[in-house]
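Below: one structure, written as structure tokens.
Derivation of every value follows stated rules applied to the coordinates shown; laboratory data play no part. None of the values given here were measured: they were computed from a predicted structure. When we count neighbours, we look across all protein chains shown, and the Cβ atoms used for this are built from the backbone with ideal geometry, even at glycine.
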Amino acid sequence: MASAYNPIYTDVPEKDVFALHFLQTLSNLRTQNSFSSPDNKTSDRVKKIKKAAYVSMARAAGGTNRLWSRSLLHQAAKRNNKNVRFLRRKRRVTWLMRRRSNRGDPIEDVAAERLRNLVPGGGGMETSKLMEETAHYIKCLSMQVKVMQCLVDGLSPK
Amino acid sequence: MSSRRSSRSRQSGSSRISDDQISDLVTKLQHLIPELRRRRSDKVSASKVLQETCNYIRNLHREVDDLSDRLSELLASTDDDSAEAAIIRSLLNY
């Protein structure tokens, strides 16, 4: 079973790393007065928290060292700067690489397509890389969910 | 034409090498997903694993959405002082 290929690195940092990053991002939001002012709509607040969750998760998981986290941070920064040109170029590259990888196994293609749409940055990867990224993404997502659950539990009135 | 042939052989060559890798990755993914970990059998097909992975990711996204909702309510309703203390306390006690 052991073949001489690169070992797959899917180690994920401890929970406190995720918690720390999330707290930092949340405290930035608080200093921007997003929570205390009553003029802000609830949906805006929720959107900001959700974005903070994904961005802090991407940073905790290794920032630009992972394809999915790099793509997440890139998307988040793009939304701030409203830079549309990069988005279009990225789509074209994605289309080309998808055509090339479609000549592979038919079994994984349909499900892999769906997976590519779910994992950030998945459009430009071939199948083996996509699954490696997926494994790491799943671990980080569940870690982030645990952190948020702890927060909610801790903040809820007893 | 020769370049096309060589590229095709390169593609089939690369897929032959990564077949093992892919099955290893599929097994690894299988262990990560709670649904499939319970069954414990090695006979889960690759497509099933990928399908369950998609469902699992969608569930996690939904949980993040739901928790964001609840967090935004909680953070807005509590006072500043007690909120910060409660946050730090809750995260240190896990």
**Report entry** Peptides B:54-60, A:68-74 ordered by average Cβ neighbours within 10 Å, highest first
**Finding:** A:68-74, B:54-60
Query - Test item: B:57-64 mean partner chain Cβ contacts at 10 Å - result: 5
Query - Test item: A:121-133 mean partner chain Cβ contacts at 10 Å - result: 3
Report task. Using a 10 Å cut-off on Cβ to Cβ distances, tally the other chain neighbours for every residue of A:48-58 and report the average as a whole number. Result -> 3
Query raised in the report: In the structure shown, do any of A:LYS41/A:LYS129; A:LYS51/B:LYS28; A:LYS50/B:LYS28; A:LYS139/B:LYS48 have a Cα-Cα gap over 31 Å, and if so which?
Result: A:LYS41/A:LYS129
